[in-house]
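The values are calculated or read from the model by the stated rules, or taken from the named source; none is laboratory data. Here the structure is a predicted model, which means the values were calculated and not measured. For neighbour counting, all protein chains shown are included, and Cβ atoms are generated from backbone atoms with ideal geometry for every residue, glycine included. We work out accessible area using only protein heavy atoms, side chains counted, and drop any ligands, DNA or RNA first. Shrake-Rupley method; radii C 1.70, N 1.55, O 1.52, S 1.80 Å.
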Amino acid sequence: MHKENSLEEYRPIVGDAVIEKIKKRAKKLKNKHIVCVSSTHTGGGVAEMLNAMIPILNDLGVPFGWRILHGTNNFFEITKSIHNAVQGEPFKFTDAKKQIYEETNERFAKFTHLNHDLVVVHDPQPLPMIAYYAKEQPWILRIHPDFSSPDKKTYNYLKKYINMYDQVIVSKKEFTKKGIKPPQSIIYPAIDPLSPKNMELTTKERTRELAKKGIRKDKLLITEVSRFDKWKGFPGLIRAFEIARKDIDARLVLCGSYASDDPEGVAMYQKIVDMVRRSKYKKDIQIVFGDKELFVNALQAESDIVVQNSAKEGFGLTVAEALYKKTPVVATRVGGIPLQVEHGKNGYLVRPNETKKLAKYLVKLGESEELRKKMGQNGKEHVVKNFLITRLMLDWMEIFVDYLVFPNNIGYLGNRLITKLTNGNGG
Ligand code: UDP
């Protein structure tokens with residue numbers, strides 16, 4: 001679990017101005033009771049961010065709660081298919097499946113009493129719960145995955161629920177939708193520099209963490225950290241590594257996890273194990289579970305190159321995590337990744353399935369320690385300026401202030417980009 005960091009501990013990292021701004025904004029929200037709902041408290045980016053933000057906001061006098069949707073395996077299989085459909089995969093959403101989806105939300109609503117000043121709902125799993133409340137406060141829907149080209153039928157069905165919300169928040173301009181009622185805002189996710197996942201470790205601690213999982217640093221280390229999920233591109237990375245491995249002596253670490261709301265992980269894991277078993281370079285490829293934050297931290301910091309080979313991505317917190325640790329990243333140009341990876345400056349971008357190009361950049365970076373060092377430094381600066389949790393808190397509080405302090409202005413605001421990047425790609 002997280003050590004709960006008070007805001008003051010962020011001062012040396014982000015500077016006085018940011019801290020004072022957060023305090024000022026939190027004052028406006030004093031005693032405003034906010035609650036968010038998501039479907040898991042562990043695994044994946046949403047849980048990461050909520051675990052970091054919520055304790056600090058409470059410390060600042062903003063009572064902020066978090067409820068977890070309860071569901072059966074059957075329910076989570078359906079919501080995983082909805083998640084995949086939102087990212088563009090066809091899905092036969094039968095009446096029986098709709099019934100389970102709706103009834104689970106209805107039941108959850110019955111024992112989840114919400115008398116708060118504002119409600120934030122994360123992602124499609126708890127999306128329909130709004131229909132089972134006599135709504136008395138603003139409801140905000142936060143959608144994390146790539147929502148730009150969803151399966152049409154699934155989207156049309158979800159739309160009736162989306163339209164019940166007062167506001168929708170997405171991770172990228174391209175994810176905003178035409179033809180829905182609520183105004184849409186864009187907030188880029190962020191990482192917590194003080195969490196066990198990102199805090200600075202000593203060389204000794206890092207070495208110890210890697211040793212626990214049997215990872216040797218006797219040659220170049222290339223890593224991807226991701227849930228075992230079909231969108232994350234592990235098989236393509238194995239193929240790219242096999243090409244690059246002819247030119248560079250390297251190890252590949254595939255570090256994965258399952259989220260409790262994702263029933264597909266085991267099958268993906270098995271597929272990867274089979275591929276590695278058949279690989280010519282199987283001795284140089286390791287599959288490990290990233291179930292310990294300190295280990296993931298050490299791995300991202302000790303790797304020479306981190307890869308994020310996603311076919312689709314909401315934002316990709318793993319990219320910011322690696323860059324923050326001064327590790328250059330080679331990644332696909334999808335979702336929020338191009339906001340983080342500045343091509344040629346802190347890493348390289350390829351398109352999904354550009355296996356040879358991915359291999360080429362692995363070799364290019366693998367061959368030059370100087371390049372890796374320079375890019376690593378640039379990456380850290382970019383993340384400190386733009387993708388830390390302090391900026392995310394400011395963005396969320398901007399929305400909360402709009403609804404809870406100046407509600408009369410809401411009608412005039414329309415669609416907005418809330419996050420303003422300090423430099424770089426702008427979005
Ligand atoms: N993660 C982890 N161990 C793993 C795989 C992933 O701790 O083995 C964490 C990763 O460090 C990141 C989050 O899960 O904080 C994944 O967030 P991201 O936005 O990259 O992808 P999502 O899982 O939300 O699609």
Quiz item: Does the range 335-347 contain any residue that is under 22 Å from Ile140 (Cα atoms) and in contact (Cβ under 8 Å) with a residue 60 or more places away in the chain?
Solution: yes
Quiz item: When you go through (1) farther than 18 Å from Asp192 by Cα; (2) more than 24 Å from the chain's Cα centre (by Cα) one by one for Thr40, which number turns out not to apply?
Solution: (2)
Practice problem: Kindly indicate whether any position in the range 337-352 is open to solvent by 10 Å² or more (accessible area, probe 1.4 Å), within 12 Å of the ligand (Cβ to nearest atom) and at pLDDT 95 or above. | Solution: no
Self-check item: Of all residues making up the range 250-261, the number that are surrounded by fewer than 23 Cβ atoms within 10 Å (Cβ to Cβ) and touching a residue at least 60 places away in the same chain (Cβ under 8 Å)
Solution: 5
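Residue under question is Asn198, and the condition is that it be within 14 Å of the ligand (Cβ to nearest atom), within 30 Å of Ile56 (Cα to Cα), assigned to a helix (DSSP H, G or I) and not small (Gly, Ala, Ser); does it hold? Give the derivation first.
Values: within 14 Å of the ligand (Cβ to nearest atom): yes; within 30 Å of Ile56 (Cα to Cα): yes; assigned to a helix (DSSP H, G or I): no; not small (Gly, Ala, Ser): yes.
Considered against the rule, which asks whether it is within 14 Å of the ligand (Cβ to nearest atom), within 30 Å of Ile56 (Cα to Cα), assigned to a helix (DSSP H, G or I) and not small (Gly, Ala, Ser), Asn198 comes out as no.
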Exercise. Considering every residue within the range 286-296, establish whether at least one is closer than 24 Å to Thr202 by Cα, more than 12 Å from the ligand (Cβ to nearest atom) and in contact with a Lys or Arg (Cβ under 9 Å, 6 or more places away or on another chain).
Key: yes
Exercise. Note down all Cβ pairs under 9 Å where the first residue falls in the range 85-110 and is over 18 Å from Thr72 (Cβ atoms), the second is of a type in the set (A, V, I, L, M), and they're at least six residues apart or on different chains.
Key: Ala85/Leu158; Val86/Ile143; Val86/Leu158; Gln87/Ala311; Phe91/Ile82; Phe91/Ala85
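How many residues does the range 101-128 contain that are within 27 Å of the chain's Cα centre (by Cα) and assigned to a helix (DSSP H, G or I)?
Keep residues of the range 101-128 that are within 27 Å of the chain's Cα centre (by Cα), which gives 101-102, 104-105, 108-109, 112, 114, 116-128.
Subsequent filtering for residues that are assigned to a helix (DSSP H, G or I) retains 101-102, 104-105, 108-109, 127-128.
Going through the range 101-128 one residue at a time, the tally reaches 8.
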Quiz item: Looking only at residues in the range 56-94 that are among the basic types (Lys, Arg) and out of contact with any strand residue (DSSP E or B) (no Cβ under 9 Å at 6 or more places or on another chain), which one is least open to solvent (accessible area, probe 1.4 Å)?
Solution: Lys80
Practice problem: Scan the range 385-419 for residues that are open to solvent by 50 Å² or more (accessible area, probe 1.4 Å) and in a helix (DSSP H, G or I) and jot them down. | Solution: Lys385, Glu398, Pro407, Asn408, Asn409, Gly411, Tyr412, Leu413
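Per-residue answers, yes or no, for (1) within 22 Å of the chain's Cα centre (by Cα); (2) within 16 Å of the ligand (Cβ to nearest atom); (3) in contact (Cβ under 8 Å) with a residue 12 or more places away in the chain:
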residue	(1), (2), (3)
Ile130	no, no, yes
Tyr133	no, no, yes
Trp139	yes, no, yes
Ile143	yes, yes, yes
Asp151	yes, no, yes
Tyr157	no, no, yes
Lys160	no, no, no
Asp166	no, no, yes
Val170	yes, yes, yes
Quiz item: In the range 14-48, what residues are surrounded by fewer than 19 Cβ atoms within 10 Å (Cβ to Cβ) and of a type in the set (Gly, Ala, Ser)?
Solution: Gly15, Ala17, Gly43
Quiz item: Does Leu210 fit the bill of being farther than 26 Å from Ile54 by Cβ, modelled with pLDDT of 95 or more and either within 14 Å of the ligand (Cβ to nearest atom) or part of a strand (DSSP E or B) (or both)?
Solution: no
Practice problem: Being open to solvent by 50 Å² or more (accessible area, probe 1.4 Å) and either within 13 Å of Val329 (Cα to Cα) or outside any helix (DSSP H, G or I) (or both) is the filter here, so list the residues in the range 355-379 that pass it. | Solution: Lys364, Lys373, Lys374, Gln377
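Looking only at the range 128-186, how many residues end up being among the small types (Gly, Ala, Ser) and more than 25 Å from Lys32 (Cβ to Cβ)? If you could, list the steps in order and put the result at the bottom.
The initial filter retains those residues of the range 128-186 that are among the small types (Gly, Ala, Ser), namely 131, 134, 148-149, 171, 179, 185.
Filter once more, so that each one left must be more than 25 Å from Lys32 (Cβ to Cβ): 148-149, 179.
So the count comes out to 3.
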Self-check item: Evaluation of Leu50 against (1) over 30 Å from Ile22 (Cα atoms); (2) in contact with a Phe, Trp or Tyr (Cβ under 8 Å, 6 or more places away or on another chain) (one fails), failing number
Solution: (1)
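Among Asp218, Asp247, which is the only one that is outside any strand (DSSP E or B), open to solvent by 30 Å² or more (accessible area, probe 1.4 Å) and more than 21 Å from Lys325 (Cα to Cα)? Steps first, answer last, please.
On the way: Asp218 fails: more than 21 Å from Lys325 (Cα to Cα).
Checking each option against the conditions leaves just Asp247.
Given the residues Lys246, Lys282, Lys325, which is the only one that is touching a residue at least 60 places away in the same chain (Cβ under 8 Å) and of a type in the set (Lys, Arg)? Break it down stepwise before answering.
Details: Lys246 fails: touching a residue at least 60 places away in the same chain (Cβ under 8 Å); Lys282 fails: touching a residue at least 60 places away in the same chain (Cβ under 8 Å).
None of the others qualify; the one that does is Lys325.
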Quiz item: Which residues, counting only those in the range 223-248, are more than 14 Å from the ligand (Cβ to nearest atom) and acidic (Asp, Glu)?
Solution: Glu242, Asp247
